[in-house]
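Undergrad: If you scroll down you'll find the structure; I have some questions about it.
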Amino acid sequence: MSVQTASRNPSHHAAPSRDPYPTRLARPWDLPWIDRQEAVVKGKASDGPLTQQQLDTFERNGFLFEPGFLSAEEVAELREELKILLDSDEYAGKDFSITEPDSQEIRSLFAVHFLSERFARLAKDERLMGRARQIVGGDVYVHQSRINYKPGFEGKGFNWHSDFETWHAEDGMPAMHAVSASIVLTDNHHYNGPLMLIPGSHRVFVACLGETPDDHHKQSLKTQEFGVPSREALRELIGRNGIEAPTGAAGGLLLFDCNTLHGSNANMSPDPRSNVFFVYNRVDNACGEPYAAKRRRPAFLAHEPGEFWTP
């Protein structure tokens, strides 16, 4: 793997002495969480494609689902590209190719916008970039990209977590100025392990217990044990607003805040579930030194502005 970047200096954007979102603690706080410090939606309806009603929904819930975002023709093209990537022997056994916990079936392929011209065009599509800029209130870059594949009967679930907690702790993302865009490439229903989200959970930061192990990503991308909220915090947040699992036909777009708690069940159906996932981070929120890990994760998990990654 090689990386070409404008700057990947270990001291670049060094973590401040006072961490606004301390996590991976030795002992729990007296309180279950702390309040979020940043605004959720930084832009206005006049700044981009999302209406005021859509922005209000995102502000309230921490996510927004748009059915029919892509046409059937676009979805078919992306599914063909997905198949080519998953079937490629070139990526078998690579560190950016993540398999199921108990099999060699690929569950995630990272840095996909560097592996595929088609996914690169999608990552830069103004329909996505415009929404991201509108929500985070400034210019954005792709912090992370991947395709996820959850095979029928075999696809395992994933524990509740906040992406920001991981990106802050292990990648050095300073603040909550990032939004994730997930486009479903297969029909999502309640039995093939759709993404579940806790509405309103983006408004608080739940610190997690336990020191980050070395090379934690090698295990956490298969089964996450560190960076998982306490059951007490989850019980209270779910008790307030419940759980939602947006479902629908292939081509729908799910936008969700970087701090929204989410997870998924195993795929109990014969129908596979797949999606392509882009994280847009505000340029002035670029990552630096990790806040709760000894060193940064590999470049295929956390890109910088202007970075060009090759496998």
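Undergrad: Need one number: nm distance between label points at Q37 and S71, each 7 Å from Cα along Cα→Cβ, rounded to one decimal.
TA: Modelled inter-label distance: 4.6 nm.
Undergrad: Continuing with this model, one more query. To the nearest 20 debye, what is the magnitude of the charge dipole of the chain about its Cα centre, counting +1 on the Cβ of each Lys and Arg and -1 on the Cβ of each Asp and Glu? It would help to have the intermediate numbers written out before the result.
TA: Numbers: 33 positive and 43 negative charges, 112 e Å.
Charge dipole, the chain, about its Cα centre: 540 debye, nearest 20.
Undergrad: Report, in deg cm²/dmol and to the nearest 500, the calculated mean residue ellipticity at 222 nm for the chain, where each DSSP H run with n ≥ 4 adds -39500 (n - 2.57) and the sum is divided by the residue count.
TA: It comes out at -6000 deg cm²/dmol, rounded to the nearest 500.
Undergrad: Considering the values (1) 0.93; (2) 1.11; (3) 1.05, which represents Cα Rg over 2.2 N^0.38 Å as calculated for the structure under consideration?
TA: Checked against the structure: label (1).
Undergrad: When a footprinting reagent is the concern and you count Cβ atoms within 10 Å, what order do D89, D214 take, fewest first?
TA: Numbers: D89 6, D214 9.
Taking fewest neighbouring Cβ atoms as first place, the list is D89, D214.
Undergrad: Checking understanding here: applying a Kyte-Doolittle mean of at least -1.0 and a length along the axis of at least 20 Å (C-alpha), which whole DSSP H helices in the chain pass?
TA: Values: long enough: 72-87 (22 Å, -0.12).
Passing helices, by number: 72-87.
Undergrad: Can you sort H303, H113 so the residue with the fewest Cβ neighbours within 10 Å comes first? Numbers along the way, then the final one.
TA: Details: H303 26, H113 22.
Ordered by Cβ neighbours within 10 Å, fewest first: H113, H303.
Undergrad: Placing +1 on the Cβ of each Lys and Arg and -1 on the Cβ of each Asp and Glu in the range 53-303, which of N281, H168, A76 has its Cα farthest towards the positive end of the resulting dipole?
TA: It is H168.
Undergrad: Please find the FRET efficiency linking D87 to E154, where r is the Cβ-Cβ separation and R0 is fixed at 22 Å, and quote it to the nearest 0.05. Show your work: numbers first, answer last.
TA: Numbers: r = 16 Å, r/R0 = 0.75.
Step by step, r from the Cβ atoms, then E = 0.85.
Undergrad: Let me ask something additional. How do S145, S230, S201 rank when sorted from fewest to most other Cβ atoms within 10 Å of their own Cβ? It would help to have the intermediate numbers written out before the result.
TA: Numbers: S145 26, S230 17, S201 29.
Result, fewest neighbours first: S230, S145, S201.
Undergrad: What length, rounded to one decimal in nm, is gained on full extension from R295 through to E105, with 0.36 nm per residue of separation minus their alpha-carbon distance? Kindly include the intermediate steps, with their values, before the conclusion.
TA: Working: separation 190, 0.36 × 190 = 68.40 nm, distance 2.87 nm.
Extending this stretch completely gives an extra 65.5 nm.
We did not get these values from a lab; they are worked out from the coordinates using the rules stated. Nothing here was measured: the structure is a model prediction, and the numbers come from that model. In this analysis, Cβ positions are derived from the backbone assuming ideal geometry, glycine residues included, and neighbour counts consider all displayed protein chains.
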